[in-house]
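First up is the structure itself, then whatever we jot down about it.
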Amino acid sequence: MPTPDLSPRATGGLVKTALAHPRLLQAVKTAIAVAIAWKLAPLMPGVANDYPYYAPLGVIVASFPTLMGSIKNAAQTLAGLVIGIGLAAAVIIFSEPSVLTVSLVVGIGILFGGIRQLGAGREYVPIAGLFVLIVGGPNADGYSIGYVSQMSLGIVVGLAVNLLVAPPLRVNAAMKELSRLREALGLHLGSLADAMDGSWPPEEGEWSEQGATLASTSTAVRRALAEADESRRINPRARIRPHDLSSDYDDLAALENATFYVRDLTDVLAGAAWGTPVPVELPDVLRPPLSAAVRATATLVNEWNTGTPSLDTLTAAEEAAAAVTLAIHEHRELGAEAIVAASAAALDITRMIAALSPGITRDVPAPA
């Protein structure tokens, strides 16, 4: 059996691999924290050392993808435990455990679960009350102290490990999701341009159904940005790797607006091609300038996604959009009904470029 390579270089490679996979890193940290808590649990004074198995459970409660999330989850869980134990204590003081009182405690505990502020602790209210009455039994006082003490120990250990060992920072994951949205938008615009450049009406393709994909990707980006924002709170690594997420939120808002306009543009083209969702006309003479404007916008988005946006490309897209409006004006003899679809499409493209322009202008590389 080969001897494992424990050299600094190999160890550093393993650490880098773990950091690249947040789920793996979290699993390793949780396993380490569980081992520490299990070793410390028997050292707890008084009756607490009779219930060491609750310490690892406390670690799991405190194992959350972000530091702030871990603290919030732990606080809510402890609040739920205290409430559940309080309900059980009321039964012990004024009555004794029975089918009726146990059922009553569980029922009231579930009602407490309706308090949104308790968050993760909502589930622990009926569980804690039930455990104290059934597992604790005649030793309910000692059991309650041991339960809360060991859970608290596990939570403290879990938070300490989460803080000291590469506290998670989810900024890179959020940036990847934002890039994925830009890429999806660029691909969709390219597909629309290809559809208009080919034989008309085109065969039904993925471009007619990609609006839902853009919407779901946008939702994933907003969730990833929220996680990144939370992961930076009270995180010492955030000071070493500063990153202002406000511009990323601005970019997301711009991309969401662009997604709305491109979905409207898709509906216009689908209506012109197949009469759904609303039948419209798109004269052959107006498709080339419209396709050129869509392709220029796709190029603009793709360059922005690769980190090389250009003011020349932005100007070209704006000029291509203006050329569509000019073409509509030059062919106004076709009548309002014939040019309404092209006018709507031109407005969608113009609004799309206007929404994306601030972020692109900001990210244009400074001249050397």
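Read-outs throughout are calculated quantities, based only on the coordinates presented, and are distinct from any laboratory measurement. These numbers come from a predicted model, not from an experiment. Heads up, the Cβs are rebuilt from the backbone with ideal geometry, glycines too, and the neighbour counts pull from every protein chain shown.
Karplus-based coupling profile of the stretch 252-268, in residue order and whole Hz: 5, 4, 5, 5, 5, 4, 4, 4, 4, 5, 6, 5, 5, 4, 4, 5, 4, with θ = phi - 60° in 6.51 cos²θ - 1.76 cosθ + 1.60 and x standing for Gly or Pro. Would you mind finding the longest exposed-site-free stretch of the chain, with exposed GluC sites (Glu not before Pro) meaning DSSP loop and at most 15 other Cβ atoms within 10 Å? Longest stretch, sites excluded: 1-202.
With contacts taken as Cα pairs under 8 Å at a separation of at least 6 residues, the chain carries a relative contact order of 16 percent.
Tell me, ARG182, ARG351 in order of fewest to most beta-carbon neighbours within 10 Å?
Ascending number of Cβ neighbours within 10 Å: ARG351, ARG182.
Relative contact order for the stretch 171-363: 29 percent, from Cα pairs under 8 Å spaced at least 6 residues apart, divided by residue count. The Cα atoms of the stretch 8-164 cover 64, 35, 19 Å along the three principal axes, with the biggest extent listed first. Loop-resident trypsin sites (Lys or Arg not before Pro) (DSSP state other than H, G, I, E or B) in the stretch 230-276 with no more than 15 further Cβ atoms inside 10 Å of their Cβ: ARG233. Over the stretch 275-368, Cα pairs under 8 Å with separation of 6+ residues give a relative contact order of 42 percent.
Work the Kirkwood hydrodynamic radius out for the stretch 171-363: mean of 1/r over every pair of different alpha-carbon atoms, inverted, in Å.
Computed over Cα pairs of the stretch 171-363, the Kirkwood hydrodynamic radius comes out at 17.4 Å.
As a size descriptor, the averaged projected area of the C-alpha convex hull of the chain was calculated at 28.9 nm².
Sorted fewest first by neighbouring Cβ atoms within 10 angstrom, MET196, MET68, MET352, MET151 come out as MET68, MET196, MET151, MET352.
Taking K and R as +1 and D and E as -1, what net charge do the other residues with C-beta under 14 Å from the C-beta of ALA321 add up to? Spelling it out: positives minus negatives among the neighbours equals -1.
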